[in-house]
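Asks: Sending over a structure as structure tokens; questions will come in a sec.
The values are calculated or read from the model by the stated rules, or taken from the named source; none is laboratory data. Quick caveat, the model's predicted, so the values are computed rather than measured. Using ideal geometry, Cβ is built from the backbone for each residue, glycine included, and neighbour counts are taken over all protein chains shown.
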Amino acid sequence: MGKIGLLVFSFVALMSMLIAGCSAAKEKAEEKVQEKIAEKAIGGDVDISSDGIKIEKDGNTYQSGEDLTWQEDKMGGLPEPKAKINTFMDTGMGSFVGFEEMSEDDARAYIQKLAELGYAENALNAEDGGTISYTASNSEGASVAFSYTVSSKDGTITYIKAGTEVN
């Protein structure tokens, strides 16, 4: 490769890096603009990234993304399900998790685990049209609701702290 070929190669490599860098910088700038617009509309803190979105306002948190971390402390010590967490919301009175990619066997095992952990008072276990659900409270008054859709392999878990009245 001659000097001209090396120069052309170097120029193309440099331009590729600059374009990639500008693209990343442009994405970050767009995220920040979107965050500011959302923060003004919502009146809370908003963080938008390629991983998802997180909103915090008045002590409440909403988060969505590809594979979120299980927040055992916010979910009343409930065990982490064998699934990918894609939504999390904490209201201070309780929390909500949306999940995906859970097998039917793991869903049934999770319900069994909830009962073993003491969530067995006023229990309602139902199956209807491809949905499996379980709702119960424990002796302290905390409540849990688990819902799973067999066909889409997704569902929700809602935890409500003891002493919280739900209307």
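Asks: Name the residues in the range 116-150 that are buried (at least 18 other Cβ atoms within 10 Å of the Cβ), in a loop (DSSP other than H, G, I, E, B) and hydroxyl-bearing (Ser, Thr, Tyr), would you?
Replies: If the condition is that a residue be buried (at least 18 other Cβ atoms within 10 Å of the Cβ), in a loop (DSSP other than H, G, I, E, B) and hydroxyl-bearing (Ser, Thr, Tyr), then TYR119 is the only one that fits.
Asks: Residue check, GLU165 against (1) assigned to a strand (DSSP E or B); (2) charged (D, E, K, R); (3) not assigned by TED's automatic domain parsing to the domain that holds MET75, all met but one. Which one?
Replies: Here GLU165 meets the rest and fails (1).
Asks: While we're here: What's the total number of residues in the range 62-82 that are in a loop (DSSP other than H, G, I, E, B) and not hydrophobic (A, V, I, L, M, F, W, C)?
Replies: So the answer is 11.
Asks: Among the residues of the range 153-167 satisfying the criterion of being out of contact with any Pro (no Cβ under 9 Å at 6 or more places or on another chain) and closer than 16 Å to THR87 by Cα, which is surrounded by the fewest Cβ atoms within 10 Å (Cβ to Cβ)?
Replies: The residue in question is THR156.
Asks: Could you tell me which numbered condition ILE85 fails, if it satisfies all but one of (1) in contact with a Lys or Arg (Cβ under 9 Å, 6 or more places away or on another chain); (2) surrounded by 15 or more Cβ atoms within 10 Å (Cβ to Cβ); (3) outside any loop (DSSP other than H, G, I, E, B)?
Replies: Every listed condition holds for ILE85 apart from (1).
Asks: Which of the residues spanning the range 77-98 are of a type in the set (Gly, Ala, Ser) and in contact with a Ser or Thr (Cβ under 8 Å, 6 or more places away or on another chain)?
Replies: GLY94, SER95, GLY98
Asks: Another one. Just give me the residues in the range 88-112 being exposed (fewer than 15 other Cβ atoms within 10 Å of the Cβ) and over 17 Å from ASP154 (Cα atoms), in sequence order.
Replies: Within the range 88-112, GLY92, MET93, GLN112 qualify.
Asks: Right, another one. Do the conditions hold for SER103, that is, is it over 16 Å from the mean Cα position of the chain (by Cα) and more than 19 Å from ALA145 (Cβ to Cβ)?
Replies: yes
Here's the yes/no breakdown for (1) touching a residue at least 40 places away in the same chain (Cβ under 8 Å); (2) in contact with a strand residue (DSSP E or B) (Cβ under 6 Å, 6 or more places away or on another chain):
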residue	(1), (2)
PHE88	no, yes
ASP106	no, no
TYR119	no, yes
PHE146	no, yes
ASP154	yes, yes
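Asks: Only one of LYS54, LYS113 is outside any strand (DSSP E or B) and among the basic types (Lys, Arg). Can you tell me which?
Replies: The match here is LYS113.
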